[in-house]
Amino acid sequence: QVQLVESGGDLVQPGGSLRLSCRASGSIFSINAMGWYRQAPGKERELVARITRDRSTNYADSVKGRFTISGDNAKNTVYLQMNSLKPEDTADYYCHASAYGVAYWGKGTLVTISS
């Protein structure tokens, strides 16, 4: 059993920056990958970024060069650094973890980009 808690969602202006955090607890040694998904109103949930335990990463084309995912194994925490934010980045952001083929989800944190 894995539990995920996100934090860091906020209202920021276009061009601004924000960092999201996701702390995992429970059977943390079973986690092999973690990532961030987002869902905007009326849209499908989409993968934003993912990182494996060995720190291999991948990103959605829409965020490449602007977002960076990183992890701290000692703290059981994954971060998403978001720079050059655009209004289209507005969404609920969800932390995800994969543990022996089982998916776990956080409750989500709202990111709003508006002037």
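The values are calculated or read from the model by the stated rules, or taken from the named source; none is laboratory data. On a predicted model such as this, the values are computed, not experimentally measured, just so you know. We place every Cβ from the backbone using ideal geometry, glycine too, and count neighbours over all the protein chains shown. Heads up: the accessible areas ignore ligands, DNA and RNA and are worked out on the full protein's heavy atoms, side chains in. Shrake-Rupley method; radii C 1.70, N 1.55, O 1.52, S 1.80 Å.
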Give me the net charge of MET34's neighbourhood, meaning all other residues with Cβ under 13 Å from the Cβ of MET34; Lys, Arg count +1, Asp, Glu -1.
+2
Please give the solvent-accessible surface of VAL5 in Å², to the nearest 10, using a probe radius of 1.4 Å with every protein chain present.
90
Heavy-atom accessible area of the chain with neighbours in place, 1.4 angstrom probe: carbon+sulfur share in percent works out to 48
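Run the numbers for LYS64 and LEU110: contour at 0.36 nm per residue of separation, minus the present Cα-Cα distance, in nm.
14.5 nm
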Which FRET efficiency, nearest 0.05, do ALA40 and SER84 yield, Cβ-Cβ r, R0 22 Å?
0.80
Rounded to the nearest 0.05, what FRET efficiency is calculated for TYR100 and ASP10 with R0 set to 22 Å and r the Cβ-Cβ distance?
0.05
GNM flexibility winner over the chain from TYR104, TYR79, TYR93 (Cα, springs under 10 Å):
TYR104
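Excluding ASN58 itself, what net charge comes from residues whose Cβ is under 10 Å from its Cβ, given Lys and Arg +1 and Asp and Glu -1?
Here the charged neighbours net out to +2.
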Grab the other residues whose beta carbon is less than 13 angstrom from that of PRO14, score K and R as +1, D and E as -1, and report the net.
0
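Over the chain, what is the mean sequence separation of C-alpha contacts under 8 Å (at least six apart), divided by residue count, expressed as relative contact order in percent? All intermediate terms of the calculation are to be shown ahead of the outcome.
On the way: 280 pairs, mean separation 42.2, N = 115.
This gives 37 percent for the chain.
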Using a 1.4 angstrom probe, figure out how much accessible area segment 59-98 has per residue, in square angstrom, rounded to the nearest whole.
43
